[in-house]
Structures are given as structure tokens and as C-alpha cells.
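Have a look at the structure below, then the notes.
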Amino acid sequence: MSNLDPHLTALTTEQADRLRELVREHHARRGDSVTVSGDTVHAAPGTRGLFNLAELCRRAGPEAWPEIVKHHFDALDNGTSSAGAGAEDILRSVYLRLVPDDAIPAKAAASFSYIRPVATGLLEALALDLPDSLRLLDDQDVARVGLEELRSAGRAHLAGEPVDHDVMRTGSGATLHAVSGESMHVASKVLVLDDLVCSETGRELPDDGALFTVPSRHFLLFHPLEDRNAVGAINDLASFGLGAYQDNPGPLSPRIYWWHKGNVTCLTQIDDATMEFSVAPPEELMTILHRLAA
């Protein structure tokens, strides 16, 4: 097999070149002039990433790629055409949205200044969820409606989004709660983790909070900090998070995080030179882990 493409790592170099050519052909048929390079499509309205599209194609046969490309960009164009939606329409369909910290191209960052950091690798944005597309709101959308009103509506819609919930007992003895589903908002539920835990378990989060990982938009795994198995849960979450991050479309982060009283702290350190992962809990969490272990 050929080497993996350096930009679209879900595909080999040969596969990635074919995908880029299909993207060029799709836009050419529509009469649109674009430049396709690396993991990005550059057009007059702005840039679009190809990472998620590459993940979708990786999971399908080569004969299905042209239709996947067409459906992908048609859905994006439908989302863009909704940019003139009224305030009531936006409030009716807005969601808080968890996105990776490289989701917004540098050239477009000035148009999304309302987006705020959650923790290393993760940002909180607002998304308009339409029947056949989903797009992030930009500063103009937010200005028309109001940021706090949008965040309030987005939180309510996210909290009410149905998901599948399973409880797993791992070899370390830790109990992990796996949240999954077809919804595009599964991983974003970590932005309302306190509500999620109450609705799915019937209990409130412990005062010490919870450990979690959000490897892709369709998966959220968490462990409430309430027993001596927390250290084992860290290893379990690290293993699951990295594997699911590599193997699923819509990747978010392979890191482990600590949710504590509404604040999120990243525990994972990544050496960019060697790509080695290590876990470095802050002193406050170490104190909690020692107390639970005792």
C-alpha cells in the first residue's frame, strides 16, 4: 500500500489525489473556479476543509466517491444559503457546538471572533442545524440575534438531544459511561455534561467532577470521579480515545480531559516531535486521585 497522504491522513497519497480531482470536477460542473490543495478547497466565498470528506470516502468503495463528494458539497451549499435566516429561525435551530481548535481556517478566524476556548484542542461554537446540513454561525449571524440569547437556546437544544447511553466495566475495574449515536451533537453534549449525567444516570456529577474524552463527534466517554478506580479509568479513556479518534469520521481530540465545576482541563500532553502521548494531571486532580485511592 502507498504511504498515507501527509494532508489527508485517512487516505493514501493515490486515494487523496483522486479525491482532490473529484472535488475539482464537481465544482467545474457547477461552473465554480476553485483551487484544491492539501486538505482544503479555496473558492471565492472562502475555504472548506476536506478532512471529514476524506473520512467518509475511506469507509466507502471507490465507485461511491463521486456521489459522496456531490452530497457533501450540496449539503454545505444548502447551509451557506441559509445565511440570511431570520432571528427566530436561527434560535429555533441553533446548538452549542464542540469543534477542534483547527476547525476555523486562519483566514476566516476574524469572522468567528465569538468562538471561545474550552480546553487544549477544543472550542465552543454555535451551529445552525438544518434538515440536510449543519454550519457554524459567524459574527454577522450572532450580531443579528445576540450572543447570550443564542448560547441559551443552543444549550437548551443540546441538552435535549437524544443519545444512546451504555455503561461498561473495564478490566481495570473502572466504570465508563459511553454516549454515542447518529446525532451530529453527541460529543458536544460534554458542554452540558452536568445535564447529560442527570438525564442519563439519574444522579448528579460528584463534587470532584468527571474525566472524559471526545474522540469524534459521535462519541463521548466519561468516568465520574467517585471511587478508587479513577487511575484505571485514565488509562482506559486514553486507549479508547486514541483508537476512536483514528478510526472514526468527524475526529475531535484524542486527549483526556477533567470536567470540574463547569471548567475543563486537558490532562494529555503531546510531544509534537515524537508524537508521544503522556498524561499530566494538575496538582488539584492528583490530590483527588490520591484521596479516592485511599
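Filter the stretch 106-137 down to residues that are free of Cβ contacts under 8 Å to residues at least 40 places away in the same chain and in contact with a Pro (Cβ under 8 Å, 6 or more places away or on another chain), then give me how many there are.
1
Sort through Asp195, Asp227, Asp207 and tell me the only one that's surrounded by fewer than 18 Cβ atoms within 10 Å (Cβ to Cβ), closer than 30 Å to Ser93 by Cβ and among the acidic types (Asp, Glu). Spell out the reasoning first.
Values: Asp227 fails: closer than 30 Å to Ser93 by Cβ; Asp207 fails: closer than 30 Å to Ser93 by Cβ.
Only one candidate qualifies: Asp195.
Please verify whether Leu122 is modelled with pLDDT under 95, touching a Lys or Arg at 6+ places or on another chain (Cβ under 9 Å) and outside the structural domain of Leu267 (by TED's automatic domain parsing), treating the condition exactly as stated. Give the derivation first.
Working: modelled with pLDDT under 95: no; touching a Lys or Arg at 6+ places or on another chain (Cβ under 9 Å): yes; outside the structural domain of Leu267 (by TED's automatic domain parsing): yes.
When the stated conditions are applied, Leu122 does not pass them.
If I ask for residues that are of a type in the set (D, E, K, R) and either within 13 Å of Leu292 (Cα to Cα) or touching a Cys at 6+ places or on another chain (Cβ under 9 Å) (or both), which ones from the stretch 222-240 would you list? It would help to see each step written out before you state the result.
First, the residues of the stretch 222-240 that are of a type in the set (D, E, K, R): 226-228, 236.
Residues satisfying the conditions are Glu226, Asp227, Arg228.
Please determine, by comparing only the residues of the stretch 172-187 that are in a loop (DSSP other than H, G, I, E, B) and in contact (Cβ under 8 Å) with a residue 40 or more places away in the chain, which one is farthest from Leu289 (Cα to Cα). Steps first, please.
We begin by selecting, within the stretch 172-187, every residue in a loop (DSSP other than H, G, I, E, B); these are 172-174, 181-186.
Filter once more, keeping what is in contact (Cβ under 8 Å) with a residue 40 or more places away in the chain: 172-174, 184-185.
Details: Ser172: 15, Gly173: 15, Ala174: 13, Met184: 33, His185: 30 Å.
Looking at residues that are in a loop (DSSP other than H, G, I, E, B) and in contact (Cβ under 8 Å) with a residue 40 or more places away in the chain, I get Met184.
Looking at the structure I just gave you, is Asp227 in contact (Cβ under 8 Å) with a residue 12 or more places away in the chain, charged (D, E, K, R), in the same structural domain as Ile288 (by TED's automatic domain parsing) and over 19 Å from Leu285 (Cα atoms)? Quick ask: steps written out before the conclusion?
Numbers: in contact (Cβ under 8 Å) with a residue 12 or more places away in the chain: yes; charged (D, E, K, R): yes; in the same structural domain as Ile288 (by TED's automatic domain parsing): yes; over 19 Å from Leu285 (Cα atoms): no.
No: the conditions fail for Asp227.
Determine, yes or no, whether Ala156 is in a helix (DSSP H, G or I) and at pLDDT 95 or above.
So Ala156 passes the test.
Okay, residues lined up against (1) among the small types (Gly, Ala, Ser); (2) within 18 Å of the chain's Cα centre (by Cα); (3) surrounded by fewer than 20 Cβ atoms within 10 Å (Cβ to Cβ); (4) not in a strand (DSSP E or B):
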{"site": "Pro117", "(1), (2), (3), (4)": "no, yes, yes, no"}
{"site": "Leu134", "(1), (2), (3), (4)": "no, yes, yes, no"}
{"site": "Ala143", "(1), (2), (3), (4)": "yes, no, yes, yes"}
{"site": "Arg151", "(1), (2), (3), (4)": "no, yes, yes, yes"}
{"site": "Pro162", "(1), (2), (3), (4)": "no, yes, yes, yes"}
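Quick test for you: out of Ala60, Ala103, pick the one residue that is modelled with pLDDT of 80 or more, part of a loop (DSSP other than H, G, I, E, B), exposed (fewer than 14 other Cβ atoms within 10 Å of the Cβ) and of a type in the set (A, V, I, L, M, F, W, C).
On the way: Ala103 fails: exposed (fewer than 14 other Cβ atoms within 10 Å of the Cβ).
Answer to the check: Ala60.
Given the structure, is Thr213 of a type in the set (S, T, N, Q) and in contact with a helix residue (DSSP H, G or I) (Cβ under 9 Å, 6 or more places away or on another chain)? Walk me through it before giving the result.
On the way: of a type in the set (S, T, N, Q): yes; in contact with a helix residue (DSSP H, G or I) (Cβ under 9 Å, 6 or more places away or on another chain): yes.
For Thr213, the condition - of a type in the set (S, T, N, Q) and in contact with a helix residue (DSSP H, G or I) (Cβ under 9 Å, 6 or more places away or on another chain) - is met.
May I ask you to list pairs of residues, at least six apart or on different chains, whose Cβ atoms are under 6 Å apart, with the first in the stretch 188-203 being within 12 Å of Pro224 (Cβ to Cβ) and the second being part of a helix (DSSP H, G or I)?
Leu196/Lys189
What number of residues within the stretch 194-216 satisfy the criterion of being within 15 Å of the chain's Cα centre (by Cα) and either aliphatic (A, V, I, L, M) or assigned to a loop (DSSP other than H, G, I, E, B) (or both)?
Start the filter on the stretch 194-216 by keeping residues that are within 15 Å of the chain's Cα centre (by Cα), which leaves 212-216.
Restricting the remaining residues to those that are either aliphatic (A, V, I, L, M) or assigned to a loop (DSSP other than H, G, I, E, B) (or both) gives 214.
The qualifying residues number 1.
Would you confirm whether or not the stretch 69-82 contains a residue that is surrounded by fewer than 16 Cβ atoms within 10 Å (Cβ to Cβ) and more than 19 Å from Met184 (Cα to Cα)?
yes
Tell me yes or no: at least one residue of the stretch 164-184 is in the same structural domain as Glu226 (by TED's automatic domain parsing), basic (Lys, Arg) and either in contact with a Lys or Arg (Cβ under 8 Å, 6 or more places away or on another chain) or modelled with pLDDT under 95 (or both).
Within the stretch 164-184 (the criterion being in the same structural domain as Glu226 (by TED's automatic domain parsing), basic (Lys, Arg) and either in contact with a Lys or Arg (Cβ under 8 Å, 6 or more places away or on another chain) or modelled with pLDDT under 95 (or both)), the answer is yes, since at least one residue qualifies.
Name the single residue that is farthest from Glu276 (Cα to Cα) among those in the stretch 231-261 being aliphatic (A, V, I, L, M) and surrounded by fewer than 24 Cβ atoms within 10 Å (Cβ to Cβ).
So the first thing to find is which residues in the stretch 231-261 are aliphatic (A, V, I, L, M), and the list is 231, 233-234, 237-238, 242, 244, 252, 256.
Next, only the ones that are surrounded by fewer than 24 Cβ atoms within 10 Å (Cβ to Cβ) stay: 231, 234, 238, 242, 244.
Values: Val231: 20, Ile234: 16, Ala238: 12, Leu242: 12, Ala244: 17 Å.
My answer is Val231.
Pairs please, first residue from the stretch 13-39 and over 12 Å from Lys70 (Cα atoms), second anywhere and in a strand (DSSP E or B), Cβ atoms under 6 Å, 6+ apart in sequence or on different chains.
Filtered contacts from the stretch 13-39: Arg20/Val36; Val34/Val41; Val34/Ala43; Thr35/His42; Asp39/Gly49.
The values are calculated or read from the model by the stated rules, or taken from the named source; none is laboratory data. What you see is a predicted model, and the numbers here were worked out from it, not measured in a lab. Cβ coordinates were reconstructed from backbone atoms using ideal geometry, including for glycine residues, and neighbour counts include every protein chain displayed.
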